[in-house]
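Structure first, commentary second.
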Amino acid sequence: MSTAMEDPSNAVHLWRSTPWSWMRPDETEPTSVRMVLHPVDETGEANLASGSPDLFPVVVDGPETSLPDVDDIARHTLANLDATPMRLDLKGDLETVVNVDLCAAGHVAVGRLHIACHGRAVVHLHMSGDAGWCGLHLTGQVANGCSLSVIVTDELPLESRVVRCDDWRVGRDATFETGTLSVGGFRRKSDLRHHLDATGAAVRIGLAVHGQGKRHDDHHVEIHHHKGHTTSQLVANVACGGRSRSVGTGRLVIDVGADGTDAGQVFRNLLLSQGARADAIPELEVLADDVSAAHGAASASIDNDQLHYLMSRGLDLDEASAMIVEGFLADAFRPLAASEARRTLRDRLTVHLDCARIT
Amino acid sequence: MAGGLLDVKGLHATVEETEILRGIDLHIKAGEVHAIMGTNGAGKSTLASVIMGHPAYAITAGSIQYDGEDLTAMEVHERARAGLFMSFQYPSSIPGVQVGTFLRKSVAAVRGEAPKAREFRKELQAAMGVLGMDRSFLGRYVNDGFSGGEKKRLEILQMLLLQPKMALLDETDSGLDIDALKAVAEGINSLSKDSGVLLITHYNRLLELVVPDRVHVMIDGRIVQSGGPELAQRLEADGYEWLTPAL
């Protein structure tokens with residue numbers, strides 16, 4: 001694989017709001033993100049081991065033409081920087097959350113993890129460490145009839161830069177859920193892609209973003225319905241304060257013949273200050289005839305009636321505002337059916353907002 | 001009349017420069033139940049909102065004394081902490097905020113300290129029992145996807161937990177079926193005997209279950225008639241037309 005690749009022009013849709021020049025890692029020796037699997041219950045198996053570079057991007061029963069290309073600058077860079085990809089195999093019905101710590105230390109840290117699910121599991125990936133730049137590429141496959149929930153949280157330094165790429169493939173009658181609480185990092189670019197490869201596949205995505213100070217967060221979420229009678233739901237709730245900026249783009253593609261698809265995506269922005277800015281751009285490419293595809297985007301400040309209602313119950317202005325913001329962000333995880341996933345994300349959110357208030 | 005729990009004198013209020021309240025006088029003593037009835041758009045809900053301090057309304061004349069204090073000088077949360085409670089006709093939904101969390105935080109705010117978990121659980125169970133509410137309520141988001149009846153029950157549940165000195169109940173009976181109405185009435189009746197209550201309603205059916213000491217009729221931003229519970233019965237029978245000459 002060549003390491004030389006030209007920077008994409010700012011006219012390229014994916015990099016329009018967050019130029020690659022902002023996100024490119026410094027030219028320094030990278031370190032690998034250290035991945036640690038916590039013990040799991042005995043109802044199933046979870047095994048973390050070295051993985052093959054061939055898994056990135058992953059091909060599983062899906063049309064190759066729709067695969068993310070390594071010509072994509074972010075994926076290309078991550079592939080070149082990380083020599084030790086990892087693989088997490090999940091089997092059986094894991095009743096408790098599978099916790100994996102991702103520790104990003106050093107100036108530039110990069111990690112790639114492939115998750116293969118042949119059962120039912122909730123996986124919590126928690127990123128921490130002091131890396132100035134952190135790159136993470138997640139790929140995964142949910143086998144036919146299986147169910148996987150992946151939640152991603154972080155406590156990366158507020159001055160770090162983060163690049164994340166996801167590529168998930170979901171099989172027949174399989175369900176993939178993912179929830180992300182994006183609160184760390186000074187600049188963050190995420191490119192999350194999901195492929196529904198067979199009939200009955202379902203994808204549910206909850207994304208909560210909290211912007212403070214001058215934080216810049218750009219999430220691009222793609223959902224590809226390759227077959228009919230598949231469902232997807234995306235909820236992205238963004239609360240921006242200070243002079244932070246958020247960009248959310250959702251690309252929903254329904255292929256020719258994917259009739260019976262039911263897809264919806266909604267982006268909601270809550271602006272907490274005059275200087276905050278949030279853009280939401282849902283896009284639909286519907287090539288099938290008989291589908292249900294809904295999308296929406298809305299931006300607003302905190303609702304006065306909600307504030308008045310909470311204040312009439314004794315909460316002062318700050319307490320009432322904080323409750324509304326926390327609820328708004330937590331509501332992003334409503335699509336997730338796995339209660340452990342929702343609870344974990346909710347707990348992390350509460351801790352984050354409590355810390356944010358103190359600081 | 002002076003020295004009441006709630007004393008409203010010559011109250012005028014506007015919303016977006018339109019005058020809604022045109023001189024309201026109302027005096028409620030501790031332990032009294034007053035009812036306000038009136039035509040649509042008479043300003044009944046506005047009166048409750050102004051007393052609670054909704055920022056959309058501006059007081060242009062008059063005064064509101066609560067427990068001897070100038071209520072208009074207090075912030076909304078200070079009014080709540082001083083024992084004023086309003087049951088909203090259309091309570092806001094707060095997505096993502098669970099009822100249980102919301103109740104615990106509001107009780108802590110009004111009482112000035114967080115309730116002990118075990119004691120609070122008992123209180124909650126007792127209050128929910130009065131209203132015939134299921135525990136599953138506590139895990140739902142505040143008023144989010146609630147039916148009209150569920151919203152009203154949650155309002156009364158909050159009232160029972162907060163034990164206000166003065167409760168403003170804005171059309172708490174609207175949209176309730178007979179069983180729900182009885183449960184809500186039981187909740188109101190179980191409020192401390194020292195509490196004042198202002199019921200805003202269109203119908204006598206709630207007043208058969210929560211018997212008021214005084215009934216007031218409000219038309220076009222003014223109280224045009226006051227009387228005992230028999231006034232509500234006459235309104236139920238004859239409507240408001242006979243009061244029109246009083247304007």
Query - Computed [θ] at 222 nm, deg cm²/dmol, chain A (DSSP H ≥ 4; -39,500 (n - 2.57); rounded to nearest 500) - result: -4500 deg cm²/dmol
Query raised in the report: What is the mean number of Cβ atoms from other protein chains located within 10 Å of the Cβ atom of each residue in peptide A:302-309, rounded to a whole number?
Result: 6
Report task. Quickly work out the A:Glu340-to-A:Lys214 label distance, labels modelled 7 Å from Cα along the C-beta direction, and quote it in nm with one decimal. Result -> 4.2
Query raised in the report: For B:Lys122, which aspartates and glutamates qualify as cross-link partners when the Cα separation must be under 20 Å and same-chain residues fewer than eight apart are set aside?
Result: B:Glu113, B:Asp134, B:Glu155, B:Glu186
Query raised in the report: Across segment A:164-276, how large is the tail of the calculated P(r) beyond 20 Å, expressed as a percent of all Cα pairs?
Result: 41
Report task. Just add up the charged neighbours of B:Gly148: K/R +1, D/E -1, any other residue whose Cβ is under 13 Å from the Cβ of B:Gly148. Result -> -2
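Take every residue in peptide A:318-330, count the Cβ atoms of other chains within 10 Å of its Cβ, and give the average of those counts.
Working: counts 0, 5, 5, 0, 0, 8, 5, 1, 4, 11, 4, 1, 5.
Whole-number average of other-chain Cβ neighbours for A:318-330 is 4.
Summarise the partner chain shielding of B:98-111 as one whole number: the mean count of Cβ atoms from other chains within 10 Å of each residue's Cβ. Don't skip to the end; give the middle numbers.
Values: counts 3, 0, 0, 5, 6, 1, 0, 7, 7, 2, 3, 8, 3, 1.
For this peptide, the per-residue mean of nearby foreign Cβ atoms is 3.
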Requested in this report: Post the alpha-carbon centroid distance, segment B:133-174 to segment A:82-104, in whole angstrom.
Outcome: 44
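Find the Cα radius of gyration of segment B:6-242, compare it with 2.2 N^0.38 Å by division, and give the number to two decimals.
Working: Rg = 17.4 Å, N = 237, 2.2 N^0.38 = 17.6 Å.
So segment B:6-242 has a normalised radius of gyration of 0.99.
Near A:Val221, within a Cβ-to-Cβ distance under 13 Å, what is the net charge of the other residues, with Lys and Arg +1 and Asp and Glu -1? Don't skip to the answer; put the middle values down first.
On the way: positive: A:Arg164, A:Lys189, A:Arg193, A:Arg204, A:Arg251; negative: A:Asp166, A:Asp167, A:Asp191, A:Asp217, A:Asp218, A:Glu222, A:Glu283.
Computed value for this residue: -2.
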Query - Paramagnetic label zone (point 7 Å from Cα along Cα-to-C-beta, A:Thr96; backbone N under 12 Å) in segment A:23-51 - result: A:38-44
Query raised in the report: What order do you get for A:His118, A:His210, A:His352, A:His38 when you list them from fewest to most C-beta neighbours inside 10 Å?
Result: A:His38, A:His118, A:His352, A:His210
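Counting only Cα atoms, I'd like the Rg/Rh figure for segment A:97-236, Kirkwood definition for Rh.
On the way: Rg = 15.1 Å, Rh = 15.2 Å.
Checking Rg against Rh, the ratio lands at 0.99.
Pairs B:Lys152/B:Lys193; B:Lys44/B:Lys105; B:Lys105/B:Lys165; B:Lys29/B:Lys116: which are spaced more than 24 Å apart, C-alpha to C-alpha? Walk me through the numbers on the way to the answer.
On the way: B:Lys152/B:Lys193 21 Å; B:Lys44/B:Lys105 29 Å; B:Lys105/B:Lys165 19 Å; B:Lys29/B:Lys116 32 Å.
Going by Cα-Cα distance, B:Lys44/B:Lys105; B:Lys29/B:Lys116 fall outside the 24 Å limit.
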Requested in this report: First select every other residue whose beta carbon is under 10 angstrom from the beta carbon of A:Val150; then total the charges, Lys and Arg +1, Asp and Glu -1.
Outcome: -2
Query - Translational D in µm²/s for chain A (Stokes-Einstein at 10 °C, 1.306 mPa s, Kirkwood Rh from C-alpha pairs) - result: 77
Requested in this report: Please turn the phi angles of segment A:97-104 into ³J(HN,Hα) values with the Karplus equation 6.51 cos²θ - 1.76 cosθ + 1.60 (θ = phi - 60°), one per residue in order, whole Hz, x for glycine and proline.
Outcome: 5, 8, 9, 10, 8, 10, 9, 9
Requested in this report: List every residue whose amide H lies under 5 Å from the amide H of B:Ile20, counting only residues 5 or more places away in sequence or on a different chain, with H placed 1.01 Å from N in the peptide plane.
Outcome: B:Ala13, B:Thr14, B:Val15
Query - Mean Cβ count within 10 Å, highest first, over the residues of peptides A:91-101, B:40-50 - result: B:40-50, A:91-101
Requested in this report: Please list the non-local residues whose amide H lies under 5 Å from the amide H of A:Gly179, H modeled 1.01 Å from N, same-chain partners needing a gap of 5 or more.
Outcome: A:Val150, A:Ile151, A:Val152, A:Gly206
Report summary line: Of the listed pairs A:Lys91/A:Lys189; B:Lys9/B:Lys151; A:Lys189/A:Lys214, those with alpha carbons more than 25 Å apart are A:Lys91/A:Lys189; B:Lys9/B:Lys151
Report task. List every residue whose amide H lies under 5 Å from the amide H of A:Val238, counting only residues 5 or more places away in sequence or on a different chain, with H placed 1.01 Å from N in the peptide plane. Result -> A:Val209, A:Arg268, A:Asn269, A:Leu270
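Laboratory data are not the source of any read-out in this text; all were calculated from the coordinates shown. Quick caveat, the model's predicted, so the values are computed rather than measured. Note that each Cβ is placed from the backbone with ideal geometry, even for glycine, and that neighbours are counted across all protein chains shown.
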